[in-house]
Amino acid sequence: MPNEALDRRSGRPLRVLVVEDSAFFRGQLRRLLQEDGDIEVVGEAGDGREAIAAARRLRPDLVTMDIEMPVLDGIAAVREVMQIAPTRILMLSALTRHGADATFAALEAGALDFVPKQSLQGEGAAASARALRERVRELACDRASALAIDEAAPPLRQARHFAERPLLVIGASTGGPALIAELLADCAAHLPCAVLVVMHMPAGFTGYFAERVARHCALPVVEACDGDALLPGRVWIAPGGKQTTLRRGARLELEVRDGEEADLYRPCIDLTLASAAKLCGSRTLAVVATGMGSDGAAGSRALREAGGLVWAQDRASSVVFGMPAAVINAGLAHEVVSAAELGRRLRHGR
């Protein structure tokens, strides 16, 4: 993987600016990021004002940004960096309510993704550090160059109204929180289907995210709980760190369980879509949106074979095109739609 990152940049390391008020943690991040030799920390900053000046001067491929800092906090720094020296920004967040709210505010200001700071310390830190380097590579490199994309084919058929598909599953990863918040804020109050959102998000963040989105959504929005009955006109956010699937009880309901150690994603979009294909089949509409990797492709195949409908987000409006591209390249998308078009359909309830 390190060689791949170097090849994408014609042999030079990826240039990262580290912004963190703790000198000790800055040093730790520098060491972790540079361990494989394909990432170079080209600068450090101890507060938001220094970060803005360094981003303007150094023009890094990516900035890792702390939230709680003196002089100027991370949210304000993200907003200003995106105005004067736009670049990809990865937030380092605390696993607290305040930290989660601040993280989502930073994503709305223009940051692309976040990593819990606690994951880089203590037990499991080595695996988290490897995941951090991989996240940096994916975000910093040309996000469209890793895949051969085929978006030229016309839609296989027109999308049907939500009323004909009483279950809507939206899968997303990197870039997902800002997209989902925007889509749900515009969602029609009369939307006639149940909505299940499955995003790659750490445990402890999804509950806060649901609360934040609920403030601006015309529909009730909650973090999914085991046994919740899927009812039209409601939104569930799949909990981070767990797997969410469907089961038949007295009615169609959600099954929320602990994930397996071997699970790459918790929650996993493929698992959710596979269960929807089995229990709902043609009554399900899946939207595979922005994100790294290919989670959602196998589930989309199962859903399509069961008669379900699959939409994929287009490249232009995706923060990272990996997940939608995997669906599109496999010929599984009935339609390729922009974020704006998704918003329009949800706004009109069709």
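The values are calculated or read from the model by the stated rules, or taken from the named source; none is laboratory data. The structure displayed is predicted, hence computed values, not measured ones. Neighbour counts are summed over all protein chains in view; Cβ atoms, including those assigned to glycine, are modelled from backbone coordinates with ideal geometry. Surface accessibility is based on the protein's heavy atoms, side chains included, excluding ligands, DNA and RNA. Shrake-Rupley method; radii C 1.70, N 1.55, O 1.52, S 1.80 Å.
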Antiparallel bridges, percent of DSSP beta bridges restricted to the range 232-350 (to nearest 5): 50 percent
Taking θ as phi - 60°, what are the ³J(HN,Hα) couplings along the range 224-233 by the Karplus curve (6.51, -1.76, 1.60), each to the nearest whole Hz, with x for Gly and Pro? 5, 10, 4, x, 4, 7, 7, 10, x, x
In deg cm²/dmol, rounded to the nearest 500, the helical mean residue ellipticity at 222 nm of the chain, built from -39500 (n - 2.57) for every DSSP H run of length 4 or more, is -10500 deg cm²/dmol
Could you state the accessible area per residue of the chain in Å², with a 1.4 Å probe and every protein chain left in place? 41 Å²
When Lys and Arg each count +1 and Asp and Glu each count -1, what net charge do the other residues less than 14 Å away from PRO86, Cβ to Cβ, add up to? +2
Mean shadow area (nm²) of the C-alpha convex hull around the range 233-314 is 5.9 nm²
Please report, in whole Å³, the volume per residue of the convex hull around the C-alpha atoms of the range 158-232. 100 Å³
What is the packing order of peptides 239-245, 265-271, taking the mean over residues of other C-beta atoms within 10 Å and listing the highest first? 265-271, 239-245
As a percent rounded to 5, the proportion of antiparallel DSSP bridges among beta bridges in the chain is 15 percent
The range 280-303 residues near the modelled SER338 label - backbone nitrogen below 20 Å, point 7 Å along Cα→Cβ: 287-291
What is the set of long-range amide H partners of CYS268 at a cut-off below 5 Å, with H atoms built 1.01 Å from backbone N? THR244
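For the chain, what number results from the quotient of the Cα radius of gyration and 2.2 N^0.38 Å? Before the final figure, lay out the partial values.
Working: Rg = 20.0 Å, N = 350, 2.2 N^0.38 = 20.4 Å.
Ratio of Rg to 2.2 N^0.38 Å for the chain: 0.98.
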Which whole-Hz couplings ³J(HN,Hα) result when phi for each residue of the range 257-264 is put into the Karplus expression 6.51 cos²θ - 1.76 cosθ + 1.60, θ = phi - 60°, listed in order with x for Gly and Pro? 9, 5, x, 8, 4, 7, 5, 5
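For the range 217-267, build the convex hull from the C-alpha positions and give me its volume per residue in Å³. Walk me through the numbers on the way to the answer.
Values: hull volume 3.6 nm³, N = 51.
In the range 217-267, the Cα convex hull volume per residue is 71 Å³.
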Linear extension gain, GLU108 paired with LEU72, 0.36 nm per residue minus alpha-carbon span: 11.2 nm
At 1.4 Å probe size, with the rest of the protein present, what percent of the exposed accessible area of the chain is carbon and sulfur atoms? 49 percent
Ordering PHE104, PHE24 by the accessible surface of their heavy atoms, 1.4 Å probe, largest first, yields PHE24, PHE104
